[in-house]
Each structure stands twice: as C-alpha cells, then as structure tokens.
Amino acid sequence: MSEPQTKKQRVEAEKADIKKAAQEAAEKASPEEIVAKLLKDDTYGQTYCDQLGISLKQNDADSLFKWLCCAQLFSSGLSEALTLKASRALLDAKLIDTPKSVHDASQDDIVTALDHKFQRKEQTSGYLHSAAAVLLDKYDGSLYKLRDAAKKEPEEERKLLTEIKGLAKVGVDIFFREAQLVWDEVTPFIDKRASESAEKLGLPTTAAELQKLVGGDKKKLAVLAAALVRLALAKGKGEEDIKEILEEK
C-alpha cells in the first residue's frame, strides 16, 4: 500500500498535470490557431504599453520615453504585477512624462511614488535620473535624436542606450520589443524570453518566422511577443491559462 501524498507532493502532482494538459492542448492546435487565440485574449492580447495606457506614436519622443522608463523597471527582475503597479504609480504621478520631469523630480519624489514592496527604490531612482541626464545632455531630451545619432542602426541604438545606467541588454530588449512599433528598423523583434515561450508552445522561435504567422503586422507581432512573455512570467499559472485559452471554443 502506497504512502499518502503530502500536501507538497499533491501540489507538485497538480502542477505536472496542468503542464501536461497545456502541452497536449498546444500539440493539438496549429501555430496559426495558437497565435490567433493569444491575440484575441483579453489578458494576453495587448502590449504592455496598451496595458499601461502609453500610446506610442511616430515621432512622439515623450511617449517613447515613458516606455523606456517602464522597460527599466521591467528589467529589475521583480514580479510582473509589482512592476506594473510601480510603472502606473510613476505614470499617474507624471514623474516619467518627459526627461525633464524625471530630471526635476527628486529621489524622494520617485521613492515615495513606488510601492513599498518595490525593492531597490533608490537605485531605480538613480537609473531613471541617468536616462533623463543622458537624453538631456546628449540628445536634447529626445530618443528620436538618439536614433538619428545611431543612423537608425539597431546595434548602434543599443550601444547608445546602454550608456544609461541600469539599461543593459535585457532592458534594451524589453524596450525594443515595443519600440519596434515606431522604430521600423527594429522590427521584427522578439526577446529571449518570448522565444523560449514560443518554443514551449511549438511555435517558431525567431522574430522573422513569428512575423510571418501574423501576416507581417508589426502591431500583432508586438502583441504576440508581449503575450509570450506574460506566459513565461506567469509560470504555472501561464500553463493553466494557455490550456484554457486553447480549449475555448
């Protein structure tokens, strides 16, 4: 007679069952079906900019700067929920509207706006002030002038962006993932986390291949990339979600 399972063993068994069911659901669906269902889902079918109320527009340096600041927060390694909450708090307080608004904000202003659970508040304030300083000192406060200085070459843009403290490769990847909506030279783009998530679903893992799946639509590609990242960040919950999304008629 087998020993009764502990609570931990039961939880692990349930997780394994959910993971298996999610994999089976993905195997039954075509890549086109998986993508279509992710894109129309209320939770997953939006970019992070959409979720935060940031409207990226061509030649609008301020909206792109807001996303850059949020990308800095997302690269901190904290939970998605906490990062979204912190981003909204800074946006609502109008502390990251423009490089000048960040420059004019004190460290206390930024630290106070951030949730008490958000770690490294002072460090985050320093990173945001670095972004403002680099753009104001070198590019007249405009990411588009940084882009011009890089001659619209993505690798050169990456090099110039990483002069900002705290904005390493991961941060630039996060920024590019949605900046591709207004910087045509960046698209098609997905980051490592989105690629790994795509592989688990049996989808193509390169930006070019995923772009074909969405008919070359860069907005849909950015939404798909965000959806794949959300699934990866949700971990077990993401597996449960994808099962429900794919089984929905």
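Checking the structure you have, find out if any residue of the range 143-160 is under 23 Å from Leu90 (Cα atoms) and either in contact (Cβ under 8 Å) with a residue 40 or more places away in the chain or not hydrophobic (A, V, I, L, M, F, W, C) (or both). Before you say what the answer is, go through the steps one by one.
Let us first name the residues in the range 143-160 that are under 23 Å from Leu90 (Cα atoms), namely 143-144.
In the following step, the residues that additionally are either in contact (Cβ under 8 Å) with a residue 40 or more places away in the chain or not hydrophobic (A, V, I, L, M, F, W, C) (or both) were identified as 143-144.
Yes, the range 143-160 contains a residue that is under 23 Å from Leu90 (Cα atoms) and either in contact (Cβ under 8 Å) with a residue 40 or more places away in the chain or not hydrophobic (A, V, I, L, M, F, W, C) (or both).
I'd like to check something: does the range 202-211 contain any residue that is in the same structural domain as Asp97 (by TED's automatic domain parsing), part of a helix (DSSP H, G or I), out of contact with any Phe, Trp or Tyr (no Cβ under 6 Å at 6 or more places or on another chain) and buried (at least 20 other Cβ atoms within 10 Å of the Cβ)? No, the range 202-211 contains no residue that is in the same structural domain as Asp97 (by TED's automatic domain parsing), part of a helix (DSSP H, G or I), out of contact with any Phe, Trp or Tyr (no Cβ under 6 Å at 6 or more places or on another chain) and buried (at least 20 other Cβ atoms within 10 Å of the Cβ).
So which residues in the range 45-78 are part of a loop (DSSP other than H, G, I, E, B) and either more than 12 Å from the chain's Cα centre (by Cα) or modelled with pLDDT of 95 or more (or both), if there are any at all?
At the first step, the residues of the range 45-78 found to be part of a loop (DSSP other than H, G, I, E, B) are 45-47, 53-60, 75-78.
Result: Gly45, Gln46, Thr47, Gly53, Ile54, Ser55, Leu56, Lys57, Gln58, Asn59, Asp60, Leu78.
For the range 121-144, indicate whether the set of residues that are among the acidic types (Asp, Glu), in contact with a Lys or Arg (Cβ under 6 Å, 6 or more places away or on another chain) and more than 14 Å from Cys69 (Cβ to Cβ) is non-empty.
Here is the first cut: in the range 121-144, the residues among the acidic types (Asp, Glu) are 122, 137, 140.
If we keep only those that are in contact with a Lys or Arg (Cβ under 6 Å, 6 or more places away or on another chain) too, we end up with none.
Checked the range 121-144: no residue is among the acidic types (Asp, Glu), in contact with a Lys or Arg (Cβ under 6 Å, 6 or more places away or on another chain) and more than 14 Å from Cys69 (Cβ to Cβ).
Filtering the range 117-137 to residues that are closer than 22 Å to Lys85 by Cβ and in contact (Cβ under 8 Å) with a residue 60 or more places away in the chain leaves only Ala131. If you go through the range 37-51 and pick out every residue that is crowded, with 17+ Cβ neighbours inside 10 Å and either in the same structural domain as Leu95 (by TED's automatic domain parsing) or not acidic (Asp, Glu) (or both), you end up with 9.
One line per residue, one yes/no per condition, for (1) farther than 23 Å from Gly53 by Cβ; (2) surrounded by fewer than 21 Cβ atoms within 10 Å (Cβ to Cβ); (3) modelled with pLDDT under 95:
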| site | (1), (2), (3) |
| --- | --- |
| Ile174 | no, no, no |
| Asp184 | yes, yes, no |
| Pro188 | yes, yes, no |
| Lys200 | yes, yes, yes |
| Gly216 | yes, yes, no |
| Ala234 | no, yes, yes |
| Lys243 | yes, yes, yes |
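Ala168 satisfies every condition listed in (1) crowded, with 21+ Cβ neighbours inside 10 Å; (2) within 18 Å of Gly77 (Cα to Cα) except (1).
Going through (1) in a helix (DSSP H, G or I); (2) at pLDDT below 95; (3) more than 15 Å from the chain's Cα centre (by Cα); (4) not hydrophobic (A, V, I, L, M, F, W, C) one by one, Asp137 falls short only on (2). Restricting attention to the range 140-159 and to residues that are part of a helix (DSSP H, G or I) and among the charged types (D, E, K, R), the residue that is nearest to Thr98 (Cα to Cα) turns out to be Lys145.
For the range 221-242, check the following and say yes or no: at least one residue is of a type in the set (D, E, K, R) and closer than 28 Å to Leu146 by Cβ. Give the derivation first.
Quick first cut of the range 221-242, residues of a type in the set (D, E, K, R) only: 230, 235, 237, 239-241.
Now restrict to residues that are closer than 28 Å to Leu146 by Cβ: none.
No: the range 221-242 contains no residue that is of a type in the set (D, E, K, R) and closer than 28 Å to Leu146 by Cβ.
Restricting the range 80-104 to residues that are touching a Lys or Arg at 6+ places or on another chain (Cβ under 8 Å) and among the hydrophobic types (A, V, I, L, M, F, W, C), the residue that is surrounded by the fewest Cβ atoms within 10 Å (Cβ to Cβ) is Leu82.
The values are calculated or read from the model by the stated rules, or taken from the named source; none is laboratory data. The structure displayed is predicted, hence computed values, not measured ones. Reconstructed Cβ throughout: ideal geometry from the backbone, glycine too, with neighbour counts over all protein chains shown.
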